[in-house]
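**Student:** Input: one structure, supplied below.
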Amino acid sequence: MHPAGRAAREGEGPKALPVPSPGLLAAEAYCDEHLGDLAGDAAPPSPTFRGGQRAADAALDRFSVSGYAARRNEVWPTDRRGASRLSPYIRHGLVSLDRAWRAVEGGPRRDVEKFRDELLWQEYARHLHARLGPRMRAPLRASMPWREADLDRAWPAAMACMALAREELEADGWLPNQVRMWLASQLGVRHRMRWQEGEDHFFRHLLDGSRAANRLGWQWTVGSGNGKAYGFSRWQVEKRAPGLCESCALARQCPIGDWPESDALEPQAPPELLRGAPDLETTRGPSQPEVHGEPQHVWVSAESMGHADPALAAWPDLPVIFVFDAPLLGRLRLSRKRLVFLVETLAELASSRRLELWRGAPAEVLAGRPLAATFTPVPGWRRIRRGLDLVALHPWPWLVEPVSGPMASFSQWRKSCGRRR
Ligand SMILES: Cc1cc2nc3c(=O)[nH]c(=O)nc-3n(C[C@H](O)[C@H](O)[C@H](O)COP(=O)(O)OP(=O)(O)OC[C@H]3O[C@@H](n4cnc5c(N)ncnc54)[C@H](O)[C@@H]3O)c2cc1C
């Protein structure tokens with residue numbers, strides 16, 4: 001284990017941190033001083049994505065859904081792209097799925113339907129993760145024999161398509177869906193590397209990195225989630241990034257001229273939890289606010305940092321408390337650009353709310369304080385809350401009501417899941 005992770009696990013007591021000043025330079029300096037030992041690298045901030053509610057609102061205002069269906073999968077040159085790039089803001093609750101859903105009302109029908117379908121994929125990932133938790137990291141419906149390899153072998157820098165993809169992932173912290181599938185297929189299907197290694201690498205770098213959507217994306221691309229692997233070859237690059245192959249040193253000896261073999265998948269029995277949820281209440285949370293005391297702080301986590309977070313909105317005069325989970329961060333080794341994004345978001349929150357910041361184990365920092373919080377459907381949050389005095393618990397803003405029915409595939413889930421809230 002990395003020394004920082006060890007120190008964070010072994011007895012690092014909670015430490016109160018100052019509130020960061022606004023601005024990118026201040027966020028970087030703050031990160032280096034207070035969180036630098038927990039970062040996995042020294043990467044500069046994303047040149048494209050700024051943290052905070054204002055940046056999220058501006059991104060949503062800028063997005064036009066017209067042409068989305070036709071251009072969502074375009075990759076290069078970048079001005080051909082049609083994806084919204086909202087994911088870092090959706091990931092951290094700065095734009096709720098419901099708000100994104102409503103924002104495209106009145107747009108061209110085909111584009112609106114396609115965009116909303118993608119929002120539902122995000123919701124599906126959240127429902128799956130809420131139900132399966134860490135079980136999502138193991139193959140769900142098929143497995144294949146893995147080979148030892150490393151990222152450089154699976155994603156060789158000499159291939160223009162892989163170099164473009166990896167550079168954008170590691171510098172910008174974001175990739176179009178199509179490119180995520182290229183990287184995942186190249187690693188998990190063609191090279192048969194353990195996909196969890198690729199998933200961890202994505203998670204460290206993506207500003208939208210979530211265990212829910214990331215694991216879903218990897219499981220479904222390599223075929224372990226649905227039994228069908230996505231094959232990646234030169235064909236997609238020529239279609240989605242026209243002209244890129246001409247700049248490639250390997251253009252005449254392209255290692256991905258043919259489709260990869262994908263016949264190694266072995267069907268396996270899906271986990272029982274994909275058939276039904278025995279304990280829906282635990283994963284769904286309350287449907288109405290549950291208040292049985294006087295909270296003194298609103299506890300906010302990285303899952304929901306927006307002004308519209310239900311607990312933040314319900315208690316506008318209470319101070320807010322946020323804990324950098326040092327034991328967890330020490331293990332995850334997130335890229336510095338992810339931490340800068342969070343610090344920028346918190347600095348902005350501090351301009352409208354009294355904010356208390358801590359570094360340590362959340363359960364220790366928060367124990368004994370009467371808190372208001374929004375129920376959060378991720379296993380880590382549920383674990384922490386067990387020891388806390390949550391006197392006001394607010395419902396998670398689900399896009400569609402979770403149900404206990406089968407959810408082995410997106411279409412099966414769509415048929416059984418509840419109405420939009
Ligand atoms: C291997 C792999 C890993 C992925 N890891 C993540 C991740 O860690 N976090 C993450 O949010 N998404 C992940 N995705 C899903 C998807 O690629 C991104 O959500 C999308 O590319 C974000 O860009 P956008 O906001 O421009 O998307 P748009 O196309 O504009 O879609 C709008 C929103 O819909 C949601 N969405 C779109 N496509 C998907 C999808 N396939 N699955 C789930 N939600 C989707 C996102 O919230 C997105 O912001 C992954 C996909 C793959 C194949």
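**Student:** Condition first: in contact with a helix residue (DSSP H, G or I) (Cβ under 6 Å, 6 or more places away or on another chain), among the acidic types (Asp, Glu) and part of a helix (DSSP H, G or I). Now tell me which residues in region 178-223 satisfy that.
**Tutor:** If the condition is that a residue be in contact with a helix residue (DSSP H, G or I) (Cβ under 6 Å, 6 or more places away or on another chain), among the acidic types (Asp, Glu) and part of a helix (DSSP H, G or I), then Glu199 is the only one that fits.
**Student:** Follow-up. Scan region 216-256 for residues that are open to solvent by 20 Å² or more (accessible area, probe 1.4 Å) and within 18 Å of the chain's Cα centre (by Cα) and jot them down.
**Tutor:** Gly217, Trp220, listed by residue number.
**Student:** Related question: Residue check: is Ala69 open to solvent by less than 50 Å² (accessible area, probe 1.4 Å) and more than 8 Å from the ligand (Cβ to nearest atom)? Can you show your working first?
**Tutor:** Working: open to solvent by less than 50 Å² (accessible area, probe 1.4 Å): yes; more than 8 Å from the ligand (Cβ to nearest atom): yes.
Yes; evaluated as a whole, the condition is true for this residue.
**Student:** Within region 182-196, work out how many residues are of a type in the set (A, V, I, L, M, F, W, C) and surrounded by fewer than 21 Cβ atoms within 10 Å (Cβ to Cβ).
**Tutor:** 0
**Student:** Okay, next question. Quickly run through region 379-421 and pick out the residues that are assigned to a loop (DSSP other than H, G, I, E, B), open to solvent by 30 Å² or more (accessible area, probe 1.4 Å) and within 27 Å of Arg141 (Cβ to Cβ).
**Tutor:** Once the filter is applied, which keeps residues that are assigned to a loop (DSSP other than H, G, I, E, B), open to solvent by 30 Å² or more (accessible area, probe 1.4 Å) and within 27 Å of Arg141 (Cβ to Cβ), region 379-421 yields Glu401, Val403, Ser404, Pro406, Ser409.
**Student:** Here's something else I'd like to know. Against the definition (surrounded by fewer than 21 Cβ atoms within 10 Å (Cβ to Cβ), within 20 Å of Gly82 (Cα to Cα) and modelled with pLDDT of 95 or more), how does Asp200 come out, yes or no?
**Tutor:** For Asp200, the condition - surrounded by fewer than 21 Cβ atoms within 10 Å (Cβ to Cβ), within 20 Å of Gly82 (Cα to Cα) and modelled with pLDDT of 95 or more - is not met.
**Student:** Considering (1) over 27 Å from Gly23 (Cβ atoms); (2) assigned to a helix (DSSP H, G or I); (3) under 24 Å from the mean Cα position of the chain (by Cα), say which one Glu364 fails and leave the rest.
**Tutor:** (3)
**Student:** Among the numbered criteria (1) in contact with a strand residue (DSSP E or B) (Cβ under 7 Å, 6 or more places away or on another chain); (2) touching a residue at least 24 places away in the same chain (Cβ under 8 Å); (3) open to solvent by 20 Å² or more (accessible area, probe 1.4 Å); (4) assigned to a loop (DSSP other than H, G, I, E, B), which one does Pro286 miss?
**Tutor:** (3)
**Student:** Let me ask something else about it. Can you confirm whether region 290-304 contains a residue that is part of a helix (DSSP H, G or I) and open to solvent by 30 Å² or more (accessible area, probe 1.4 Å)?
**Tutor:** no
**Student:** Condition first: within 18 Å of Ala302 (Cβ to Cβ), open to solvent by 20 Å² or more (accessible area, probe 1.4 Å), among the charged types (D, E, K, R) and in contact (Cβ under 8 Å) with a residue 12 or more places away in the chain. Can you find one or more residues in region 29-51 that meet it?
**Tutor:** The answer is yes; a qualifying residue exists.
**Student:** Can you confirm whether region 189-200 contains a residue that is within 9 Å of the ligand (Cβ to nearest atom) and of a type in the set (A, V, I, L, M)?
**Tutor:** no
**Student:** Yes or no: Arg147 at pLDDT below 95, of a type outside the set (A, V, I, L, M) and either closer than 29 Å to Gly380 by Cα or surrounded by fewer than 23 Cβ atoms within 10 Å (Cβ to Cβ) (or both)?
**Tutor:** yes
**Student:** Being of a type in the set (Gly, Ala, Ser) and on the phi > 0 side of the Ramachandran plot is the filter here; which residues of region 192-231 pass it?
**Tutor:** Listed by number, the residues that qualify are Gly223, Gly227.
**Student:** So, in region 367-378, exactly how many residues are outside any loop (DSSP other than H, G, I, E, B) and of a type in the set (A, V, I, L, M)?
**Tutor:** 3
**Student:** With respect to the numbered conditions (1) open to solvent by less than 20 Å² (accessible area, probe 1.4 Å); (2) farther than 22 Å from Arg331 by Cα; (3) touching a Lys or Arg at 6+ places or on another chain (Cβ under 7 Å), which one is the sole condition not fulfilled by Leu371?
**Tutor:** Leu371 satisfies all of (1) open to solvent by less than 20 Å² (accessible area, probe 1.4 Å); (2) farther than 22 Å from Arg331 by Cα; (3) touching a Lys or Arg at 6+ places or on another chain (Cβ under 7 Å) except (3).
**Student:** Does Pro310 satisfy the criteria of being open to solvent by 20 Å² or more (accessible area, probe 1.4 Å), within 12 Å of Pro397 (Cα to Cα) and either over 24 Å from the mean Cα position of the chain (by Cα) or modelled with pLDDT under 95 (or both)?
**Tutor:** In short, no.
The values are calculated or read from the model by the stated rules, or taken from the named source; none is laboratory data. Not measured: the values here are computed from a predicted model. Cβ atoms come from the backbone with ideal geometry, glycine included; neighbour counts cover every protein chain shown. These accessible areas exclude ligands, DNA and RNA; they are computed on the full protein's heavy atoms, side chains included. Shrake-Rupley method; radii C 1.70, N 1.55, O 1.52, S 1.80 Å.
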